[in-house]
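The values are calculated or read from the model by the stated rules, or taken from the named source; none is laboratory data. Since this is a predicted model, take the numbers as computed values, not measurements. Note that each Cβ is placed from the backbone with ideal geometry, even for glycine, and that neighbours are counted across all protein chains shown.
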Amino acid sequence: MVEFSKKSHEQLINKWRQNAEFVKAYEELEEEFALLDEAIKARKEQKLTQTEVALRMGVPRSAVCRLERGLVSGKMPSLPTLKRYAKAIGKKVEIRLI
């Protein structure tokens, strides 16, 4: 039988932050995590569900779920896909070198 942790996400992150390898990997993905946060925040600000975004993009809801989950795991979508997602939530993608 599979046992699930009763710890919150924040508790797990705090525990994992004690591991130097985790901290390094997390910092390398920090920009991707920020993008995910912005994307989901924008979707929720528009009061859109994943299903509604999927309809606007012309894809199954599972594709939007995978896209958002992929952002969490560091699997960045293609630029055209990201642009379609942004358009569906009423945003634009802006890429800058700073």
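Just to be sure I understand the filter: pairs with C-beta atoms under 9 Å, separated by 6 or more residues or on different chains, first member in the stretch 14-40 and at pLDDT 80 or above, second member among the basic types (Lys, Arg) and surrounded by 11 or more Cβ atoms within 10 Å (Cβ to Cβ). Which pairs pass?
Listed by first residue and then by second, the contacts come to Lys15/Lys7; Val23/Arg17; Glu38/Lys91; Ala39/Lys91.
Yes/no per residue for (1) crowded, with 16+ Cβ neighbours inside 10 Å; (2) under 29 Å from Phe22 (Cα atoms); (3) among the aliphatic types (A, V, I, L, M):
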| position | (1), (2), (3) |
| --- | --- |
| Ile40 | no, yes, yes |
| Leu48 | yes, no, yes |
| Thr51 | no, no, no |
| Arg61 | no, no, no |
| Lys83 | no, no, no |
| Gly90 | no, no, no |
| Ile98 | no, yes, yes |
